[in-house]
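So the structure is just underneath, and the comments pick up after that.
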Amino acid sequence: MTTCTYSELTFITLQYTQLVDINARRRNADAIYRPQDFYGQLRTLIVLDLPASHELQLTEPSTLVLAVIQSLKVDSVPNAAGALRYKNSAAGMGRLEVVDLATIQCSIGRALDRDFWVIIDRSGPYARASFDLDG
């Protein structure tokens, strides 16, 4: 029998997208960025009020909202047509990441199955990030 603490049940689980350099392991290759989806648990939000700044190329004050996310080490569920899961332990957790709130695509569900949380993502094709890779 697997038990969960209250804090495990109240996590907000998210899908977010980051640009990843597909040549990161090739020493002298030019960086080529591609969007990649990740999953994680929202830990906190950070709101930064930024003043107008020549160094930051801000002509007027603006607000930047960052999300602190505990990434999840997901893998495929065997014989389940692309379903994803992660371990119900510290082994299923990845590193903390600080990302722009705009990269969060959607909140997703999860269901506990034995020692794994199975990700339930019903967002469909409309919850996808768009990036301007030319500018």
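The values are calculated or read from the model by the stated rules, or taken from the named source; none is laboratory data. Here the structure is a predicted model, which is why all the values come from computation and not from measurement. Here Cβ is always computed from backbone atoms with ideal geometry, including for glycine, and neighbour counts include all displayed protein chains.
Numbers for the structure displayed
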| item | result |
| --- | --- |
| Options 115, 75, 37, 134: the member that is closer than 15 Å to residue 13 by Cα and at pLDDT below 90 | 37 |
| Some residue of region 81-90 being of a type in the set (Lys, Arg), assigned to a strand (DSSP E or B) and loosely packed, with under 13 Cβ neighbours inside 10 Å | no |
| Count - residues of region 79-119 that are β-branched (Val, Ile, Thr) and more than 20 Å from residue 36 (Cβ to Cβ) | 1 |
| In region 47-80, residue surrounded by the most Cβ atoms within 10 Å (Cβ to Cβ) [restricted to those that are of a type in the set (S, T, N, Q) and in a strand (DSSP E or B)] | 71 |
| Members of region 91-101 found to be surrounded by 10 or more Cβ atoms within 10 Å (Cβ to Cβ) and part of a strand (DSSP E or B), listed by number | 93, 94, 96, 97, 98, 99, 100 |
